[in-house]
Amino acid sequence: MGGFASSHHQVVAKLEERGHARLIGTCDPRADQFVGEQQTWKLAARDVQVFTDYRAMLEACHRDLDLVVIPTPIQLHAEMHAAATALGLPTYVEKPPTLDPAELEKMIAADARARKASHVGFNFIIEKKRLALKERLLAGEFGAIRGAALAALWPRPASYFARNNWAGRLMMGERVVLDSCFGNAMAHFVHNLLFWTGGPALYSWAQIAAVRAELYRAHAIEGADTFFVEADTTAGVTMRFALSHACAGASTHGETVVCDKATLRYAVGGSVEICWRDGRVEKEALAPFDALQENHLDYYRYLRGESPRPATTLADSRPFVALNALAHVSSGTITPIPAGQISGVRDEQEQKNYLQVANMKTTLDSFLAQGAWPSAGGWGRGPADVVTPADLGRFHSVVRAMAAK
Ligand SMILES: NC(=O)c1ccc[n+]([C@@H]2O[C@H](COP(=O)([O-])OP(=O)(O)OC[C@H]3O[C@@H](n4cnc5c(N)ncnc54)[C@H](O)[C@@H]3O)[C@@H](O)[C@H]2O)c1
């Protein structure tokens, strides 16, 4: 009921008013802490049963259910998905489905028991302009893809890392969490870049051939808040990703795809720009849209048999989960950014404290443009190893060692 689950509640309530869905049960072990929300969502008047254990909810409700929404902490997704699919029920599972590649394989196998495929809630694959542009890419209009880049700086205050007991964690007990800007908050954009470079079908994501990454932290967390990642796809395209929460000011994000005849720049919530080598520029604004509501509606259409597939299935999430895992394996360690480079910034309007790294923007720009690694610029570590999917076998031991430090 809290966190992003409250957004799902609001959307489902709206869709219920419009006759698209009906909520019959909801569950939160802390349900008594959401009395106000339950009143706002009119759960009693809507005849919604409230549970504190999801197994009891499934037992009581499963005969009347068409789908189960799983907007819970990452490390709970797999067991909840397993319980729903054991009853034949498909799920709308929030992104990331899991950040453990072995667990993802179990989820993919479990999903085959459901009446329909589950949908993973990466927000932006359904965007009509994105799909139309990918069609043009696949048709060869822009020539071959030569490279792709993601730049994403989303400041997060210190309080963000205290929002729940799994924020910034690598593991909880024996379970892999890997909460980070790359694996969680900005996972959408990483998945989007893999979508641009995937082919030949429209709904396809690039396969990862090799990865090199440097992971850093400025905040006092177990995991990383700053990622520099380079990955080669099996089609020979080099992608670079630079993402951080260790910054202040306005959030920025942009996906770039460099092709022989044009460079495509796509900024969710901003604009899409096609800069042709001959000087022509096509630019269009991307109107804001209710990503969660549209993802629900898109998934309902699939469940009703009106569309052939969910926007992202569990199997479609493989490249993203592998890339995040290999980034950890390649980096091998999470390096504290030298204290002298970090300063505190107080946002008086928000009444929140941020950390910012002095040369973050220039480091990000030279990594994305020239492939210059922060390690070569004095960020307190040596270069990382290049790893391939064959190194995924080392993933658990690397994460355990990182968490033990
Ligand atoms: N698609 C998006 O734009 C978007 C945005 C934010 C978060 N998310 C995703 O949503 C998921 C939840 O993230 P969050 O930050 O809201 O987490 P959170 O820790 O705030 O948890 C959400 C809710 O789940 C409840 N919960 C915990 N254990 C539970 C259990 N055993 N049974 C039922 N409910 C339980 C919590 O009490 C809380 O109310 C994550 O996968 C996250 O990545 C997606």
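The values are calculated or read from the model by the stated rules, or taken from the named source; none is laboratory data. This one's a predicted model, so the numbers in the text were calculated from it and none came from an experiment. Every residue, glycine as well, gets a Cβ built from its backbone with ideal geometry; the counts of neighbours run over all protein chains shown. Note: areas computed on protein heavy atoms with side chains; ligands, DNA, RNA excluded. Shrake-Rupley method; radii C 1.70, N 1.55, O 1.52, S 1.80 Å.
The table below lists the values:
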item: Relative contact order (%) - the range 33-101, alpha-carbon pairs under 8 angstrom, separation at least six; result: 28
item: The range 145-225 - Rg (one decimal) and Dmax (whole number), Cα, Å; result: 15.0, 43
item: In Å², nearest 10: area of Lys95 left accessible to a 1.4 Å probe; result: 30
item: Semi-axis lengths (Å, descending) of the ellipsoid that matches the C-alpha gyration tensor of the range 281-405; result: 35, 26, 17
item: For the range 264-272, Karplus couplings with θ = phi - 60° (6.51, -1.76, 1.60), whole Hz, Gly/Pro x; result: 9, 10, 10, 10, 3, x, x, 8, 10
item: Ranked by how many other beta carbons lie within 10 Å on average, peptides 47-58, 145-156 from highest; result: 145-156, 47-58
item: Relative contact order %, the range 4-121, counting alpha carbon pairs below 8 Å whose residues are six or more apart; result: 20
item: For the chain, accessible area per residue (1.4 Å probe, heavy atoms of protein chains only), Å²; result: 42
item: Estimated D of the chain in µm² per second, where Rh is the Kirkwood radius over Cα pairs and Stokes-Einstein applies at 37 °C, 0.692 mPa s; result: 149
item: Whole-angstrom gap from the range 187-205 to the range 95-160, using each part's C-alpha centre; result: 6
item: Per-pair calculated FRET efficiency, R0 = 25 Å: Glu16 and Asn164 via Cβ, rounded to 0.05; result: 0.35
item: Accessible surface of the range 4-121 [probe 1.4 Å, protein heavy atoms]: carbon and sulfur percent; result: 51
item: Asp111, Asp278, ranked by accessible area, largest first (probe 1.4 Å); result: Asp278, Asp111
item: Gain on full stretching of the segment that runs from Ser6 to Glu284 - 0.36 nm per residue minus C-alpha separation; result: 96.8 nm
item: Principal semi-axes in Å for the range 4-121 [√(5λ), Cα gyration tensor, largest first]; result: 24, 15, 13
item: Total formal charge among the other residues, if their Cβ is under 13 angstrom from that of Ser330, Lys/Arg +1 and Asp/Glu -1; result: -2
item: Per-selection metrics, the range 77-223 (Cα): Rg and Dmax in Å; result: 17.4, 50
item: Computed over the chain: relative contact order in percent, which uses C-alpha pairs under 8 Å that are six or more apart; result: 17
item: Sequence-distant residues sharing a close amide H with Val345 (under 5 Å, placed H); result: Tyr354, Leu355, Gln356
item: Helix-only CD estimate at 222 nm, as mean residue ellipticity for the chain, using -39500 (n - 2.57) per DSSP H run (n ≥ 4); result: -9000 deg cm²/dmol
item: Computed E for Lys129/Ala102 - FRET, C-beta separation, R0 35 angstrom, nearest 0.05; result: 0.45
item: Residue-wise HN-Hα coupling along the range 365-379, computed from phi with Karplus coefficients 6.51, -1.76, 1.60 (Hz; x: Gly, Pro); result: 4, 6, 5, 5, 7, 10, x, 7, 7, x, 4, 7, x, x, 8
item: Label point distance in nm, Arg146-Ile342, each placed 7 Å from Cα along Cα→Cβ; result: 3.9
